[in-house]
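Asker: Here it is: the structure, laid out below.
The values are calculated or read from the model by the stated rules, or taken from the named source; none is laboratory data. Owing to the predicted nature of the structure, the values given are computational and were not obtained by experimental measurement. Positions of Cβ are generated from backbone atoms using ideal geometry, with glycine treated the same way; all protein chains shown enter the neighbour counts.
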Amino acid sequence: MGLVLLAISGTIAGLPVAVPAVLTQIAGYLAVAGTVMSGISQATVDTGEMAKSR
């Protein structure tokens with residue numbers, strides 16, 4: 001989901017037409033949310049799988 005938010009924010013930010021400031025601000029928020037979600041998903045480990053591998 002984080003990558004989807006990053007893709008959406010990149011699309012909004014990269015539009016070749018002038019967009020309202022609100023849309024630019026929303027794109028920034030989506031980028032931050034996507035970055036945080038991606039970081040959390042990379043740091044999360046399923047401990048059940050780790051226990052099976054031992």
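Asker: Report the residue count in the range 1-22 for those that are aliphatic (A, V, I, L, M), more than 8 Å from the chain's Cα centre (by Cα), exposed (fewer than 13 other Cβ atoms within 10 Å of the Cβ) and in a helix (DSSP H, G or I).
Answerer: Of the residues in that region, 2 qualify.
Asker: Is one or more of the residues making up the range 37-48 exposed (fewer than 11 other Cβ atoms within 10 Å of the Cβ) and either on the phi > 0 side of the Ramachandran plot or at pLDDT 80 or above (or both)?
Answerer: Applying the first criterion (exposed (fewer than 11 other Cβ atoms within 10 Å of the Cβ)) to the range 37-48 yields 40, 42-48.
Filter again for either on the phi > 0 side of the Ramachandran plot or at pLDDT 80 or above (or both), leaving 40.
Yes.
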